[in-house]
Amino acid sequence: MFDLTEAMSLVLAAANGWGHMGGWGWGMAIMGGLFMASVVILAGWLVWSTSRRPAQPHGGPGRARDLLDERYALGEIERDEYLERSADLER
């Protein structure tokens, strides 16, 4: 019926054949490491991309000064108005 020697020889033959995980031991270890690295990189990229401050679409306060200078240079506003608005921008 049950022969212990035959069972042991089957176990040893299986262990000496493909080994652990059907021969994918190192391959699975490398693939697992690459998968974990890609998960960490993806998580880092998501945190970085969602935490960045969006660019100011209209250029911010420096753009107001440029527009004022441009309007004065084109003669659209007088000197007094230019000086008044320039002082307002400095506040």
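Could you work out how much longer the chain between L34 and L4 gets when fully extended? Use 0.36 nm per residue separation minus the Cα distance between them, nm to one decimal.
On the way: separation 30, 0.36 × 30 = 10.80 nm, distance 4.22 nm.
Once the chain is fully extended between L34 and L4, it gains 6.6 nm.
A full extension of the chain between R79 and S49 corresponds to an added length of 6.3 nm, given 0.36 nm per residue minus the alpha carbon distance.
All of the numbers you see were taken from the coordinates with simple rules; none came from a lab. All values derive from a computational prediction rather than experimental measurement.
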